[in-house]
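The values are calculated or read from the model by the stated rules, or taken from the named source; none is laboratory data. All values derive from a computational prediction rather than experimental measurement. Side chains included, ligands, DNA and RNA excluded: accessible areas come from the protein's heavy atoms. Shrake-Rupley method; radii C 1.70, N 1.55, O 1.52, S 1.80 Å.
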Amino acid sequence: MTTTPKARLPPVSPPTYSALATESAIDFLEAFFLCAGANNWSEEIMATQFPLTLRSAALDWFLNHIGALKLKHIRDSTNYKDPTFKKLKEAFVHVFSRRSYRDEAMEKILNRKKRESETVDAFVQVFIKLLTSYDPRMEETGKIRFISRAVPVKHLAQCWQNNPTTLEQFCDNYRNAEYVESIIHKSESESVLAVKSVEIAKEVAINAILEAATAASTQALQGEPKQSRLQPFTNTVNRKFHSTQVSTSYPPHQSNQEPNIPNTGSCYRCGTSGHPRVLCTRKVFCSAHNSTNHDSSVCRGVFPQSNSLNN
């Protein structure tokens, strides 16, 4: 009696898990157990096949989890062994069976802001990775809205210029905004530097003037006269004053007598001291000559008598 061999069933493909909001970690594990039973997998094979079913954020978690385990063994100086399927399942359920995983991903997205030293391309790449871990099927318009929340307010207007519909257009606008800001910042820095240069030049000039004035005062106290800027004007006034002082031309009707005031440097127009004739501004009147050219107190001549006119 011959026995017919049992027909071998084709292997069942295991399910995949990407940690999407629409996926359930518990349902994935139940489907994975059914697949392992249908394929007659042992615990070792299940531990080997389990990472192959993970995608996207779930695969990132597995790589980080294994890396942390290896690092712990290195710190403890112990030999590393791959975790069993039981330990992998416990760690997987602890992370992905909670709804808080999606909330944590959204919290990272909302708290992520662009840093000052970060380029636009690097910032967008990091943000797209966060959005993909939250929802790999998110459209570009949704990604643009989330990225714009992390853009500084001063760049938003230019980023949304011409209503970009793709990430490339949005990034181009963002780069242009940062370029314009860098030019404005550079011009402001140059203007501030120019103002500071002018202030330094003024301070140097003031210090030089103060030093010159201090040196001049020191020389004056030591008896060393220093020629003043008013010296040429003073010399001119003195020359005019002395030329008026030595003048001896009198009109025919005046006598050659001495003036009424001594030669003490007083004004020969008003008779007061403190200024020469050429700088006199006082109101004067000579009753002898009926003239406003000089005062009666300094008149040099005597008005002729009426009998002298008849002779």
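Going down the list LYS154/LYS196; LYS72/LYS129; LYS154/LYS202; LYS70/LYS129, which pairs span over 31 Å between their C-alpha atoms?
LYS154/LYS202
Under the classification rounded if a/c is under 1.5, otherwise prolate if a/b is larger than b/c and oblate if not, where does region 43-89 fall, given a ≥ b ≥ c as square roots of the Cα gyration tensor eigenvalues?
Numbers: a/c = 3.12, a/b = 1.42, b/c = 2.20.
It is oblate, given that a/c is not under 1.5 and a/b is not larger than b/c.
In terms of solvent-accessible area of protein heavy atoms at a 1.4 angstrom probe, what is the ranking of VAL192, VAL120, highest value first?
From most exposed to least exposed: VAL192, VAL120.
Provide the per-residue ³J(HN,Hα) series for region 172-177, in order, calculated from phi with Karplus coefficients 6.51, -1.76, 1.60 and θ = phi - 60°, each as a whole number of Hz, with x at glycine and proline positions.
Each residue's phi maps through the Karplus curve to give 4, 4, 5, 4, 4, 5 Hz.
Under 30 Å Cα-Cα from LYS283, which lysines qualify once same-chain neighbours fewer than 8 residues away are excluded?
Cα-Cα hits under 30 Å: LYS240.
So which aspartates and glutamates pass the test for LYS86, namely a Cα distance under 18 Å, with those fewer than 8 places away in the same chain ruled out?
Output for LYS86: ASP27, GLU30, GLU43, GLU44.
Scan around SER291 for amide H atoms under 5 Å from its own, H built in the peptide plane at 1.01 Å from N, and keep only partners 5 or more places away or cross-chain.
CYS286
Which whole-Hz couplings ³J(HN,Hα) result when phi for each residue of region 39-56 is put into the Karplus expression 6.51 cos²θ - 1.76 cosθ + 1.60, θ = phi - 60°, listed in order with x for Gly and Pro?
8, 6, 8, 8, 4, 5, 5, 5, 5, 7, 7, 4, x, 6, 8, 8, 9, 6
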